[in-house]
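Notes for the one structure printed next.
Laboratory data are not the source of any read-out in this text; all were calculated from the coordinates shown. The model shown is predicted, which means the values in this text are computed figures rather than measured ones. Glycine gets a Cβ as well: all are built from the backbone with ideal geometry, and neighbour counts include every protein chain shown.
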Amino acid sequence: MKITIGHLYPDLLNLYGDRGNIQCLMKRCQWRGIQAETIAYELNDTIDFSRLDIVLLGGGSDREQMLVCEKLKEIQKDFKEYVENDGVVIAICGGYQLLGSYYKTDQGTIQGLELVDLYTEQGEGRLIDNIVLKSDLFDMPIVGFENHGGRTCIKNNKPLGKVLYGSGNDGKTGYEGVMYKNVIGTYLHGPLLPKNPQLADLLIARALKKKYGKDVALAPLDDSQEMEANAYICHRFVK
Ligand code: GLN
């Protein structure tokens, strides 16, 4: 079995080491004897979505998002088809905002990919802190760090989780992230997947199911250190 990960524009959308998420996915496949490769795309590369099993769209500053936004128009149709066909996507922070219809900032409006019915508008001040979520997907909480000026409205879509500590999508609704088909968008950046192996495995399992047409049981790995770190963060912030 083999998984191919497409990393979109890592030279522009790579805030806070989102690349570590790719390494985590690769390693968790390889440790189980599943082959894994990553294709990193630069702005002028052609993307053949039919080759890809997981797409990662990382975080970026407003300026970088503005730069990729023109390119996104060119790939929108193929990317949309990939998503509607149950392709797996993990979109983080700036990448999460780009999944929607637009991101309005003081400097102008960035057109999004329109893959998920959501939009983002810049609010007053940035939402910066550790964050802890409870997601219906897992028993173990999802932990991370957020740093964003945009406030995201996910309309009738399902959130990734309920905020136990932190701000989340907009600092008001109490929810974080979005789930649509096999797309997950979240503000939790940096080492999201190494800190949350349950989420990494969900992406791998969904990608294998889509590719091979059946549920593939993932061999358990020793995640005791990750679980200890997760529990530490929960106890520190969730009273
Ligand atoms: N530029 C976006 C914001 O500030 C996203 C930042 C990020 O990816 N951390 O809201």
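Restricting attention to the stretch 93-107, the residues being away from the ligand (no atom under 13 Å from the Cβ) and within 13 Å of the chain's Cα centre (by Cα) number 0. Contact annotation: residue pairs with Cβ atoms under 7 Å, 6 or more positions apart or on different chains, pairing a residue in the stretch 161-181 that is charged (D, E, K, R) with a partner that is not in a strand (DSSP E or B), are 162/174; 176/159; 176/160; 176/168; 176/169; 176/187; 181/83; 181/86. The single residue among 110, 90 that is in contact (Cβ under 8 Å) with a residue 60 or more places away in the chain, within 16 Å of the ligand (Cβ to nearest atom), in a strand (DSSP E or B) and of a type in the set (A, V, I, L, M) turns out to be 90. Every listed requirement among (1) under 30 Å from residue 205 (Cα atoms); (2) surrounded by fewer than 18 Cβ atoms within 10 Å (Cβ to Cβ); (3) in contact with a strand residue (DSSP E or B) (Cβ under 6 Å, 6 or more places away or on another chain); (4) not acidic (Asp, Glu) is met by residue 138 save one, (3).
How many residues are more than 22 Å from residue 192 (Cβ to Cβ) and of a type in the set (S, T, N, Q) if we restrict to the stretch 14-49? Steps first, please.
Step one: of the stretch 14-49, the residues more than 22 Å from residue 192 (Cβ to Cβ) are 33, 35, 42-49.
Subsequent filtering for residues that are of a type in the set (S, T, N, Q) retains 35, 44, 46.
Counting residues in the stretch 14-49 that are more than 22 Å from residue 192 (Cβ to Cβ) and of a type in the set (S, T, N, Q) gives 3.
The set of residues in the stretch 123-134 that are more than 17 Å from residue 189 (Cβ to Cβ) and either buried (at least 17 other Cβ atoms within 10 Å of the Cβ) or in contact (Cβ under 8 Å) with a residue 24 or more places away in the chain (or both) comprises 123, 125, 134. For first residues located in the stretch 42-65 and within 13 Å of residue 79 (Cβ to Cβ), partners that are near the ligand (Cβ under 10 Å from one of its atoms) and in a loop (DSSP other than H, G, I, E, B) and lie 6+ apart or on another chain with Cβ distances below 7 Å form the pairs 57/13.
Take the stretch 124-164 and flag every residue that is more than 16 Å from the ligand (Cβ to nearest atom) and in a strand (DSSP E or B). Passing the criteria: 132, 133, 134, 142, 143, 158, 161, 162, 163, 164.
Quick check: anything in the stretch 72-79 closer than 22 Å to residue 181 by Cα, in a helix (DSSP H, G or I) and within 16 Å of the ligand (Cβ to nearest atom)? Before the answer, list the steps.
First, the residues of the stretch 72-79 that are closer than 22 Å to residue 181 by Cα: 72-73, 75-79.
Filter once more, keeping what is in a helix (DSSP H, G or I): 72-73, 75-79.
If we keep only those that are within 16 Å of the ligand (Cβ to nearest atom) too, we end up with 72.
Scanning the stretch 72-79, I find at least one residue that is closer than 22 Å to residue 181 by Cα, in a helix (DSSP H, G or I) and within 16 Å of the ligand (Cβ to nearest atom), so the answer is yes.
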